[in-house]
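Everything on this sheet refers to the single structure shown next.
The values are calculated or read from the model by the stated rules, or taken from the named source; none is laboratory data. None of these values were measured; they are calculated from a predicted model. Note: ideal-geometry Cβ built from the backbone for every residue, glycine included; neighbour counts use all protein chains shown. Surface accessibility is based on the protein's heavy atoms, side chains included, excluding ligands, DNA and RNA. Shrake-Rupley method; radii C 1.70, N 1.55, O 1.52, S 1.80 Å.
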Amino acid sequence: MKPRRTWLMAACCLCSLASGPAMAADAYPDRPVTIVVPSVAGGAADAVARTVAQGLSKRLDATVVVDNKPGAGSTLGASHVAKSKPDGYTLLLGIDATFASAPYLMPVQPFRPVEDFQPIGTLAVFPYVLVASPSAPFQSAAQLVEMARAQPGQYTYASGGEGSIHHLIMDAFQKSAQIQLRHVPYKAAPQGFIDMMGGHVDLMFIAPGTGAGPIKSHKIKGLAQSGSKVLADLPEIPLLKDSPISRNFVFESWFGLFARKGTPAEVIQRLDRALSEVMNSAEVKNQLTAQGITPRFEPATALAKRVEDDTRRFAPVVSQLRKQSDQGAQR
């Protein structure tokens with residue numbers, strides 16, 4: 001009887017081990033879920049995360065909290081999630097720059113954008129507004145291009161630093177419009193924006209939530225929008241894609257929700273269903289639209305393609321910037 005009893009106990013243990021992950025997935029979530037935002041509180045990413053967290057709390061019947069972990073060009077928060085347990089309790093509010101540019105600025109990548117993360121869904125997109133200092137000599141994007149072509153390197157633009165999304169969009173615009181501007185990098189985009197408002201820098205691309213108010217109060221000039229559609233809040237500002245100076249130019253940032261790669265498929269499916277309900281609700285759409293953010297839910301496959309496309313587009317540019325910076329430091 002003893003061998004038979006031992007065999008039965010072993011079989012029970014094996015069954016318990018095999019059913020463990022499934023049982024854990026079925027019970028998900030049985031404790032608070034955290035959405036890590038790799039930027040400071042108060043920004044567009046933070047606003048999206050808090051709106052989504054509130055909706056997910058209701059759909060998942062669990063507490064969903066937002067944890068801001070800014071630093072290292074948004075890679076600090078992403079690295080934290082990349083090292084977390086793949087159980088669906090630590091999620092990442094991913095930003096395009098976090099995946100497509102920031103890791104490639106570093107000598108050693110702090111995480112692997114594709115291998116370390118499982119996409120859940122795209123949450124929203126937003127275009128940028130090309131704005132100018134009130135003292136800038138041009139009143140439109142067409143005038144800017146005409147004057148910049150006549151005087152290459154004469155006019156300056158601000159960004160949130162080398163390889164920041166503000167830097168990358170202006171680099172893409174310059175190539176599209178065949179002009180040359182002078183880059184003035186700042187530690188953070190808000191610092192550059194303040195200097196531009198004060199006339200110390202001529203231009204920059206900025207998020208519509210930041211630029212709309214100063215444009216309407218005539219503290220800065222709104223020259224053009226980088227999106228595929230005109231924002232309802234700024235109907236008078238034309239699209240770059242419709243201008244002959246940069247025909248078909250479209251640049252939109254995105255926000256997506258990611259889990260650690262290896263998270264059980266059942267948990268990902270549960271999150272996907274809940275997220276779809278949240279993002280398709282009129283309440284959430286209205287909240288995001290009011291902040292100049294266009295809600296756009298896309299499934300995991302579409303988000304994975306965004307990461308792939310943007311990485312192919314920007315990673316080589318950013319890697320070259322890092323090499324140039326390294327070479328300059330060695331001189």
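Numerical summary
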item	result
In nm, spacing of pseudo-spin labels at GLN180 and GLN143 (7 Å Cα→C-beta vector)	2.5
Heavy-atom accessible area ranking, 1.4 Å probe, most first, across HIS167, HIS200, HIS80, HIS183	HIS200, HIS80, HIS183, HIS167
ASP242 accessible area, assembled protein chains, probe 1.4 Å, Å²	90
Accessible-area value, ARG273, 1.4 Å probe, nucleic acids and ligands omitted, Å²	130
Enclosed volume per residue, in Å³, of the convex hull spanned by Cα atoms of the range 73-156	158
List LYS241, LYS58, ordered by accessible area with a 1.4 Å probe, largest first	LYS58, LYS241
FRET efficiency, 1/(1 + (r/R0)^6) with R0 25 Å, evaluated for LYS216 and ALA282 via beta carbons	0.45
Most mobile of ALA265, ALA78, ALA177 in a GNM of the chain (Cα contacts under 10 Å)	ALA265
Potential extension, GLU236-GLU308 segment - 0.36 nm per residue separation minus Cα distance	22.6 nm
Helix-only CD estimate at 222 nm, as mean residue ellipticity for the chain, using -39500 (n - 2.57) per DSSP H run (n ≥ 4)	-14500 deg cm²/dmol
25 °C / 0.890 mPa s Stokes-Einstein diffusion coefficient of the range 123-232, Kirkwood radius on C-alpha pairs, µm²/s	178
Accessible area of ARG322 in the full protein assembly, 1.4 Å probe (Å², nearest 10)	50
In order through the range 98-105: 3J(HN,Hα) via Karplus (6.51 cos²θ - 1.76 cosθ + 1.60), integer Hz, x for Gly, Pro	4, 9, 9, 9, 3, x, 7, 7
Kyte-Doolittle mean at least -1.0, axial Cα span of 24 Å or more - DSSP H helices of the chain	2-27, 300-330
Most positive-pole-ward Cα, PHE258, ASN286, THR311, against dipole of the range 229-331 from beta carbon charges	THR311
Selection from PHE111, HIS167, MET147, by position along the positive dipole direction of the range 109-233 (Cβ)	MET147
Relative packing of peptides 150-160, 216-226 - highest average C-beta neighbours within 10 Å first	216-226, 150-160
Length-normalised contact order for the range 171-308 - Cα pairs under 8 Å, 6+ apart - percent	16
Cα-centred dipole magnitude for the range 153-256, charges only on beta-carbon of K, R (+1) and D, E (-1), debye, nearest 20	80
For peptides 231-238, 123-130, 86-93, sequence by mean Cβ density within 10 Å, most packed first	123-130, 86-93, 231-238
Share antiparallel - DSSP beta bridges, the chain, percent rounded to 5	65
Placed amide H near GLN225: partners under 5 Å, 5+ positions off or other chain	LEU130, LEU239, LEU240
Cα-centre dipole for the chain with unit charges at Cβ (Lys and Arg positive, Asp and Glu negative), debye to 20	680
